[in-house]
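A short worksheet on the structure shown next.
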Amino acid sequence: MAAYTLKINGGEHRVDVDPQTPLLWAIRDGAGLTGTKYGCGVAQCGACTVHVDGQPMRSCALPVSAVGTSEITTIEGIKSREAQAVQKAWVALDVPQCGYCQSGQIMSAASLLELNPKPTDNDIDLAMNGNICRCATYVRIRAAIHDAAKSLEG
């Protein structure tokens, strides 16, 4: 066991865990932030996506010992203009079905729009590749990202 002070959503959270503990469990069990979901456990489905220093990362495969002083943002703390547009579009287009993957989907979509404010379908497909939706709401996810991008234009 080792003690880590994680910077999550602008606050500091102390966790005592094995250095190889995935960041996901430090966030969920240590910090009590349960919006980030466990999906596959091998970084293949994207349900556990968080931002580490602004970059989308799969928290289920990232050891807490590798985080250091990086800023971690979870679905509970994402506040960028792009994230707000994505969340608004998600509701307007009724994107979620079961909703389980949605926090990871929104984290990846917000990151995409921060890097590319006018994504094409291909850009969206590439950026969202690896965020799996068991309900197959991919058409609505793509439409919501385009809707969010349009709302950010003006």
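Scanning the range 44-56 for residues that are in contact (Cβ under 8 Å) with a residue 24 or more places away in the chain and either open to solvent by 60 Å² or more (accessible area, probe 1.4 Å) or assigned to a loop (DSSP other than H, G, I, E, B) (or both) yields Gln44, Cys45, Gly46, Ala47, Cys48, Gly54, Gln55.
Among the conditions (1) over 12 Å from the mean Cα position of the chain (by Cα); (2) open to solvent by 30 Å² or more (accessible area, probe 1.4 Å), the only one that Glu76 does not satisfy is (1).
Farther than 28 Å from Ala136 by Cβ, in contact (Cβ under 8 Å) with a residue 12 or more places away in the chain and crowded, with 21+ Cβ neighbours inside 10 Å, is that true of Val17? The answer is no for Val17. Of the residues making up the range 115-142, those that are part of a helix (DSSP H, G or I) and surrounded by fewer than 17 Cβ atoms within 10 Å (Cβ to Cβ) are Leu115, Asp121, Asn122, Asp123, Asp125, Leu126, Tyr138, Val139.
Test Ala92 against the criterion of being open to solvent by less than 50 Å² (accessible area, probe 1.4 Å) and either within 25 Å of Cys135 (Cα to Cα) or touching a strand residue (DSSP E or B) at 6+ places or on another chain (Cβ under 6 Å) (or both), and give yes or no.
When the stated conditions are applied, Ala92 does not pass them.
The values are calculated or read from the model by the stated rules, or taken from the named source; none is laboratory data. Not measured: the values here are computed from a predicted model. We place every Cβ from the backbone using ideal geometry, glycine too, and count neighbours over all the protein chains shown. These area figures cover heavy atoms from the full protein model, side chains too; ligands, DNA and RNA do not enter into them. Shrake-Rupley method; radii C 1.70, N 1.55, O 1.52, S 1.80 Å.
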